[in-house]
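*Asks:* Shown below is the structure under consideration.
The values are calculated or read from the model by the stated rules, or taken from the named source; none is laboratory data. Everything quoted here is computed from the prediction, not taken from an experiment. Cβ atoms come from the backbone with ideal geometry, glycine included; neighbour counts cover every protein chain shown.
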Amino acid sequence: MASQEEIEAAARALHKRNGFVQWERVTELARYAYRNDAKAALEAAERARWQLIETAPKDEDGPFILVIGEGAKIPGVVGWCDEQGWYWLNNMFKSPCKPTHWQRLPSPPESSK
């Protein structure tokens with residue numbers, strides 16, 4: 001789910017691309033519409049990131065991926081090993097790794113130099 005900060009940033013980006021006036025001069029009704037459009041787009045993108053596990057890359061040198069599986073409430077990071085299949089990267093889960101969906105790990109934050 002997109003955070004309020006993400007929605008606001010996306011709404012301002014949509015406005016910047018389409019708007020002719022400064023954000024501060026946009027009516028509250030127009031801001032509401034931009035925020036709703038931004039939220040819908042961000043949530044659709046989040047849903048589209050999750051793919052069936054059968055499509056995940058299986059390379060022993062990486063990449064590590066984020067997965068969610070049967071009965072899991074939070075995603076975890078896994079790698080692939082030809083000998084054992086999927087394995088939890090940090091052993092935070094004691095159960096066998098039986099993922100159903102995957103997505104790439106997010107990019108690290110930009111340097112704040």
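*Asks:* Among the listed residues Pro99, Pro109, which satisfies the condition of being surrounded by 14 or more Cβ atoms within 10 Å (Cβ to Cβ) and at pLDDT 85 or above?
*Replies:* Numbers: Pro109 fails: surrounded by 14 or more Cβ atoms within 10 Å (Cβ to Cβ).
Matching residue, one of Pro99, Pro109: Pro99.
*Asks:* Could you tell me whether any residue of the range 42-61 is in contact with an Asp or Glu (Cβ under 7 Å, 6 or more places away or on another chain), closer than 30 Å to Tyr87 by Cα and among the small types (Gly, Ala, Ser)?
*Replies:* Narrowing the range 42-61 to residues in contact with an Asp or Glu (Cβ under 7 Å, 6 or more places away or on another chain): 42, 60.
Okay, now just the ones that are also closer than 30 Å to Tyr87 by Cα, so 42, 60.
The next check asks that each one be among the small types (Gly, Ala, Ser); those that pass are none.
Taking every residue of the range 42-61 in turn, none turns out to be in contact with an Asp or Glu (Cβ under 7 Å, 6 or more places away or on another chain), closer than 30 Å to Tyr87 by Cα and among the small types (Gly, Ala, Ser).
*Asks:* Let me ask something additional. Within the range 11-40, how many residues are within 19 Å of the chain's Cα centre (by Cα) and not charged (D, E, K, R)? Before you say what the answer is, go through the steps one by one.
*Replies:* If we filter the range 11-40 for residues that are within 19 Å of the chain's Cα centre (by Cα), which is where we start, we get 11, 13, 35-40.
From what's left, not charged (D, E, K, R): 11, 13, 36, 38, 40.
Total satisfying the criteria: 5.
*Asks:* Checking the condition loosely packed, with under 11 Cβ neighbours inside 10 Å, among the aliphatic types (A, V, I, L, M), within 18 Å of the chain's Cα centre (by Cα) and under 26 Å from Leu105 (Cβ atoms), which residue from Ile68, Ile53, Ile74 passes?
*Replies:* So the residue among Ile68, Ile53, Ile74 that is loosely packed, with under 11 Cβ neighbours inside 10 Å, among the aliphatic types (A, V, I, L, M), within 18 Å of the chain's Cα centre (by Cα) and under 26 Å from Leu105 (Cβ atoms) is Ile74.
*Asks:* Something else now. Could you tell me which residue of the range 21-43 is modelled with the highest pLDDT, considering only residues that are surrounded by fewer than 13 Cβ atoms within 10 Å (Cβ to Cβ) and acidic (Asp, Glu)?
*Replies:* Here the residue is Glu28.
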